[in-house]
Amino acid sequence: MSTTSIDSLLHEERRFAPDPAFTAQAVAGPELYEQARADRLGFWAEQARALHWHRPFTETLDWSNPPFARWFHDGELNVAYNCLDRHVEAGNGDRVALHWEGEPGDSRTITYAELTAEVKRAANMLANLGVGQGDRVAIYLPMIPEAVVSMLAVARLGAIHSVVFGGFSAESIRARVEDADAKLVITADGGWRKGRVFPLKNAVDAALAAAETSVEHVVVVRRGENEVEWEEGRDLWWHDAMAQAEPEHEAQGFEAENPLFILYTSGTTGKPKGILHTSGGYLTQASFTHRVVFDLKPETDVYWCTADVGWVTGHSYMVYGPLANGATQVMYEGTPDTPHPGRWWEIIQKYGVTIFYTAPTAIRSFMKAGREIPLAYDLSSLRVLGSVGEPINPEAWVWYREIIGGGTTPVVDTWWQTETGAIMISALPGVTTTKPGSAQVPMPGISIDVLDEDGTHVGKEAGGLLVVTEPWPSMLRGIWGDPERFQETYWSKFGDKYFAGDGAHLDADGDVWLLGRVDDVMNVSGHRLSTMEIESALVSHPIVAEAAVVGASDETTGQAVVAFVILRSKKAKDVSATEASQLLRAHVAEQIGAIARPREIFVVAELPKTRSGKIMRRLLRDVAEGREIGDTTTLTDSTVINVITDTVR
Ligand code: WTA
């Protein structure tokens, strides 16, 4: 982010004090901060004890071998039991767990008793197919209840799920299935998106045909009703396999550090990293933060997080956090504007949603479409609004509060990452006086700092790099199969402080303003994409000699992918620049997924490089954003950038 935009951000003067009536009923209170400050580990132990333990833990944290933390390690629990059976046994089996809404308008209401029964049967089904503790199961599903059932069934067996976002390509599935060495894949014959059925099973078929793995079975949920290829012996229909499975399943306790899931996320190299999370600490922080950040009253609230299960927000705030807390929630299969632009608001009105959690990119696109669309619906049930995934600009924040929240609801801007597992920085509704644009304060029990390059605290009214200074329960336990990369990526810059990869600024009150990534990771519509990964995809095409990718700021999506490519003179001699750009945009979508498709691809003759051969992406970003070109003195040839600018304009 440029200096001017930081300045304008920090001149944001609007403040919203909590409403005393809200505070009087609030789940969170200021004493949480005091308790955590007085005894951080005791505080987390107390939060962990809100879960059901098959065997209680006696040690809260073992940090004798940093950065490898063990939380509650001598305790045993079953994550699925905590999300399901526990609520049924407490007499809440009739409470709705999921109000599921399909894109075409079909819907299902599933109670905790019903969800528990489905998961028990699914656990038996998976066990029948040979899945046991520690085995990896890949899940490639649309936003249908079976996605939640699959994740919990895997967790119930002490196995490890790896959910692959339904928008990823066959090639991305292959890489993930191979890296995790998955034994089984759960997919569907299709799902609904933008009024059409998009296929999924064929991508899995293509991935497995190319993969060197040991996938034994593919279980296929019927949703899209379209034709699928079938491999006898390997493929099974979900409904057939479920019908054959026993209904009863007793949940066994597993060690707190038993792995729960791997979730791949983009880093600074071409290869996505498999972020590993374990059970006890993860569930403790996901459920605690879900309760206090959203002021959850499970008996009366209807909660809706719009994230897809393929992302970490879907894991922590659509599956594990809310279900561990016995919340009633909405799950929606499709896109916000199908079949009409008011679909989300219609869903809020239909189910009386009280707590709503979404991303700034969605808010900005609704702002653009006009307030009359949401204002045509009754949104008065809403009482808490949350934002996640990227910095929320003050204008979007205020619009969210005014138009969606009727000018009264608290808005919480929550900062966290796939790696942190759960919310780390956020206001607490009823406690914090909020500031549009700032994520504000670390959660109780979380210690963060902002440092300069040398590791010195920057002080107030200064910017630097965000770090987490003490281990936290839901921290990643590693990168699957790559302990060195784990150390190197997060723990080498500032020793035993976790380096998040985000820039941050502390204001005069000491509140935190997040300023975006400081590495080669882009944030497009709240989705993490790596410049290197897209560059690798581009150069894998025969007509491309060299490629450079930058994240250019975009009004709606936050950042957009813009690529600059040099073509191979021989291979590309009959291809026009326009054709090449079209061809390559499609190629990236096929290699990674539609979310990575560049907004623009410019064919150029040369790329700006330093004398040591490094591409100066900073200058390319200036070009892509139509700004004046910055300092070019370190370039080998400073005329290159002028030629590029001329080509682009
Ligand atoms: C960014 C998503 C500013 C940040 C939960 C982080 C944010 C990356 C915020 C993680 C926020 C997430 N304000 N930036 N409230 N929330 N980010 O792993 O750059 O998909 O490092 O996790 O998103 O993205 P991830």
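The values are calculated or read from the model by the stated rules, or taken from the named source; none is laboratory data. Note that the coordinates shown come from a computational prediction; the quantities given were computed from them, not determined experimentally. Because the Cβ atoms are built from the backbone with ideal geometry, glycine has one as well, and the counts that use them run over all protein chains shown.
Kindly provide the set of residues from segment 389-405 that are more than 15 Å from the ligand (Cβ to nearest atom) and not in a helix (DSSP H, G or I), ordered by number.
Within segment 389-405, just G405 meets the criteria.
Taking the criterion of being acidic (D, E), touching a Gly at 6+ places or on another chain (Cβ under 9 Å) and either surrounded by fewer than 24 Cβ atoms within 10 Å (Cβ to Cβ) or on the phi > 0 side of the Ramachandran plot (or both), would at least one residue in segment 208-222 satisfy it?
yes
Could you please give the count of residues in segment 479-500 that are buried (at least 19 other Cβ atoms within 10 Å of the Cβ) and either among the hydroxyl-bearing types (S, T, Y) or under 17 Å from the mean Cα position of the chain (by Cα) (or both)? Walk me through it before giving the result.
Within segment 479-500, the first condition is being buried (at least 19 other Cβ atoms within 10 Å of the Cβ), and the residues that meet it are 479-480, 486, 489-490, 497-500.
Remaining after also requiring either among the hydroxyl-bearing types (S, T, Y) or under 17 Å from the mean Cα position of the chain (by Cα) (or both): 479, 489-490, 498, 500.
Residues that pass the stated criteria total 5.
When you go through (1) buried (at least 17 other Cβ atoms within 10 Å of the Cβ); (2) assigned to a loop (DSSP other than H, G, I, E, B) one by one for D94, which number turns out not to apply?
(1)
Residue under question is R234, and the condition is that it be in contact (Cβ under 8 Å) with a residue 12 or more places away in the chain, of a type in the set (D, E, K, R) and more than 29 Å from R174 (Cβ to Cβ); does it hold?
Details: in contact (Cβ under 8 Å) with a residue 12 or more places away in the chain: yes; of a type in the set (D, E, K, R): yes; more than 29 Å from R174 (Cβ to Cβ): no.
Criteria not met by R234.
If S474 satisfies every condition in (1) within 16 Å of the ligand (Cβ to nearest atom); (2) part of a helix (DSSP H, G or I); (3) within 21 Å of V450 (Cα to Cα); (4) not aliphatic (A, V, I, L, M) but one, which is the exception?
(2)
From the residues in segment 406-415 that are buried (at least 19 other Cβ atoms within 10 Å of the Cβ) and not acidic (D, E), which one is farthest from the ligand (Cβ to nearest atom)?
T409
Which numbered condition trips up A537, out of (1) under 19 Å from the mean Cα position of the chain (by Cα); (2) among the aliphatic types (A, V, I, L, M); (3) farther than 23 Å from E12 by Cβ?
Condition (1) is where A537 drops out.
Taking segment 332-349, which residues are in contact with a strand residue (DSSP E or B) (Cβ under 9 Å, 6 or more places away or on another chain) and either more than 25 Å from F165 (Cα to Cα) or part of a helix (DSSP H, G or I) (or both)?
Those that are in contact with a strand residue (DSSP E or B) (Cβ under 9 Å, 6 or more places away or on another chain) and either more than 25 Å from F165 (Cα to Cα) or part of a helix (DSSP H, G or I) (or both): R343, W344, I347, I348.
Take segment 350-362 and flag every residue that is among the polar types (S, T, N, Q), within 16 Å of the ligand (Cβ to nearest atom) and not in a strand (DSSP E or B).
Result: T361, single match.
Is there a residue being over 28 Å from W344 (Cβ atoms), surrounded by fewer than 23 Cβ atoms within 10 Å (Cβ to Cβ) and over 21 Å from the mean Cα position of the chain (by Cα) anywhere in segment 167-176?
no
Can you tell me which residue within segment 413-439, out of those that are part of a strand (DSSP E or B), within 17 Å of the chain's Cα centre (by Cα) and in contact (Cβ under 8 Å) with a residue 60 or more places away in the chain, is nearest to Y317 (Cα to Cα)?
My answer is T414.
Does V561 satisfy the condition of being surrounded by 19 or more Cβ atoms within 10 Å (Cβ to Cβ) and touching a helix residue (DSSP H, G or I) at 6+ places or on another chain (Cβ under 9 Å)?
Working: surrounded by 19 or more Cβ atoms within 10 Å (Cβ to Cβ): yes; touching a helix residue (DSSP H, G or I) at 6+ places or on another chain (Cβ under 9 Å): yes.
So V561 passes the test.
How many residues does segment 594-607 hold that are within 30 Å of S172 (Cβ to Cβ) and either in contact with a helix residue (DSSP H, G or I) (Cβ under 6 Å, 6 or more places away or on another chain) or part of a loop (DSSP other than H, G, I, E, B) (or both)?
Adding up the residues that qualify gives 9.
Since P18 meets every condition but one in (1) assigned to a helix (DSSP H, G or I); (2) more than 27 Å from the chain's Cα centre (by Cα), which condition does it not meet?
Of (1) assigned to a helix (DSSP H, G or I); (2) more than 27 Å from the chain's Cα centre (by Cα), only one is false for P18: (1).
So T116 fits all but one of (1) buried (at least 20 other Cβ atoms within 10 Å of the Cβ); (2) under 25 Å from the mean Cα position of the chain (by Cα); (3) among the β-branched types (V, I, T); what number is the exception?
(2)
Considering only segment 41-71, how many residues are crowded, with 19+ Cβ neighbours inside 10 Å and either among the hydrophobic types (A, V, I, L, M, F, W, C) or assigned to a helix (DSSP H, G or I) (or both)?
Adding up the residues that qualify gives 10.
When you scan segment 246-331 for strands (runs of 3 or more DSSP E) that lie fully inside it, which ones turn up with 1 or more residues that are polar (S, T, N, Q) and surrounded by 24 or more Cβ atoms within 10 Å (Cβ to Cβ)?
273-278
Run G195 past the list (1) under 24 Å from G334 (Cα atoms); (2) within 23 Å of the chain's Cα centre (by Cα) and report the number of the one that doesn't hold.
(2)
Return the residues of segment 618-640 that are among the β-branched types (V, I, T) and buried (at least 16 other Cβ atoms within 10 Å of the Cβ); say none if nothing qualifies.
Across segment 618-640, the qualifying residues are V623, I629, T632, V640.
Would you check which residues across segment 478-536 are touching a helix residue (DSSP H, G or I) at 6+ places or on another chain (Cβ under 7 Å), among the hydrophobic types (A, V, I, L, M, F, W, C), farther than 30 Å from G134 by Cα and more than 12 Å from the ligand (Cβ to nearest atom) and list them?
I534
Looking only at segment 450-469, decide whether some residue is modelled with pLDDT of 95 or more, within 13 Å of the ligand (Cβ to nearest atom), touching a helix residue (DSSP H, G or I) at 6+ places or on another chain (Cβ under 6 Å) and under 28 Å from A45 (Cα atoms).
Scanning segment 450-469, I find no residue that is modelled with pLDDT of 95 or more, within 13 Å of the ligand (Cβ to nearest atom), touching a helix residue (DSSP H, G or I) at 6+ places or on another chain (Cβ under 6 Å) and under 28 Å from A45 (Cα atoms), so the answer is no.
Could you list all residues from segment 363-388 that are within 16 Å of the ligand (Cβ to nearest atom) and either assigned to a loop (DSSP other than H, G, I, E, B) or of a type in the set (K, R) (or both)?
The one that is within 16 Å of the ligand (Cβ to nearest atom) and either assigned to a loop (DSSP other than H, G, I, E, B) or of a type in the set (K, R) (or both): R364.
Checking the conditions here, which among L126, L84, L61 is touching a Phe, Trp or Tyr at 6+ places or on another chain (Cβ under 9 Å), more than 27 Å from T300 (Cα to Cα) and among the aliphatic types (A, V, I, L, M)? Let's see the steps before the verdict.
Numbers: L126 fails: touching a Phe, Trp or Tyr at 6+ places or on another chain (Cβ under 9 Å); L84 fails: more than 27 Å from T300 (Cα to Cα).
Criteria check complete, one pass: L61.
Kindly provide the set of residues from segment 591-613 that are surrounded by 15 or more Cβ atoms within 10 Å (Cβ to Cβ) and of a type outside the set (V, I, T), ordered by number. Can you show your working first?
Initially, segment 591-613 is screened for residues surrounded by 15 or more Cβ atoms within 10 Å (Cβ to Cβ), giving 591-593, 595-599, 601-604, 606-609.
Q591, G593, A596, R597, P598, R599, F602, E606, L607, P608, K609, listed by residue number.
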